[in-house]
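A short write-up of the structure that comes next.
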Amino acid sequence: MAIPQVYKTAAEGAIASYNYTDIAEGTGIVTFYAARTQDSVASHSILTQNVVYSDIASTAVANNVGSDTWGKKIDWDFDVSPFNMPQTIGGGKANISVSWQVTSPATGTAYGNLLFLIRKWDGTTETEIASVATVTRGQADTYGEVTSLLDVTVPKTHFKKGDVLRVTMEGWARSSDANTGMITVLHDPKARTIHTFDTSVLQVNMPFHLDL
């Protein structure tokens with residue numbers, strides 16, 4: 001008696017290749033790089049699998065808030081191009097590597113932290129999936145350079161054709177006086193040398209569900 005052959009349907013929206021797989025979690029990991037682009041109208045924030053030169057390799061934002069209370073100084077949406085077929089993201093851990101620094105005014109101490117939110121954007125509605133924050137950094141009259149590696153569990157989430165994977169980065173700051181300090185974030189896929197950082201790459205390793 002012949003043994004019947006069963007042909008499994010291809011995984012919905014399977015990505016042809018992953019940077020690596022995590023068999024224990026049942027995920028394929030895709031590495032994205034954050035970058036800034038520029039056109040004739042405005043600058044844009046993207047997530048790309050290509051190691052390109054960012055239009056600018058780092059961005060500095062004044063962190064003075066006028067009082068010693070937290071204020072949001074950065075709110076950037078790094079978007080992947082819309083999916084051209086359905087995808088299932090999550091079911092494992094994403095990790096984010098980011099290099100950043102805090103500077104302080106001469107007469108006070110500034111503090112800052114970064115918050116990353118993983119979201120689904122359908123062109124109308126933004127749905128939060130997971131979030132993770134860096135440890136608060138503070139510096140007095142000097143650079144506080146740090147490269148943070150963050151882990152966040154991403155629940156299994158369906159993306160239909162045309163949906164966008166979005167990683168939002170918020171930068172929060174406070175200062176002991178109203179003088180201007182800075183939060184600086186690095187975001188260059190080409191890893192250009194900036195100050196004394198080990199890397200200027202802002203990297204997101206995102207888990208995609210494997211139909212094992």
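Where a number appears in this text, it was derived from the coordinates with a stated rule and is not lab data. Here the structure is a predicted model, which is why all the values come from computation and not from measurement. Counting neighbours? That spans all protein chains shown, and the Cβs are built from the backbone with ideal geometry, glycine included.
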Subject >> Sum of side-chain charges, ILE194 neighbourhood, beta-carbon under 10 Å (Lys, Arg +1; Asp, Glu -1) >> reply: -1
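Within the set of other residues whose C-beta is less than 12 Å from the C-beta of ARG137, count the net charge using Lys and Arg as +1 and Asp and Glu as -1. Could you put the intermediate results ahead of the total?
Numbers: positive: ARG174; negative: GLU145.
Once positives and negatives cancel, what remains is 0.
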**OP:** Could you work out the relative contact order of segment 31-209, using alpha carbon pairs under 8 angstrom and six or more residues apart, expressed as a whole percent?
**Re:** 38
Original post:
Reachable aspartates and glutamates from LYS190, Cα under 16 Å, same-chain residues fewer than 8 places away excluded?
Top reply: ASP55, ASP198
Subject >> Reach of LYS72 by Cα under 27 Å, taken over lysines that are not fewer than 8 positions away in the same chain >> reply: LYS93, LYS120
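Can you give the local net charge around THR168? Use residues other than it whose beta-carbon is closer than 12 angstrom to its beta-carbon, Lys and Arg +1, Asp and Glu -1. Write down the numbers at each step before the final one.
Values: positive: LYS72, ARG119, LYS120, ARG166; negative: ASP75, ASP77, ASP79, GLU126, GLU128, GLU170.
Taking every other residue near THR168 into account, the sum is -2.
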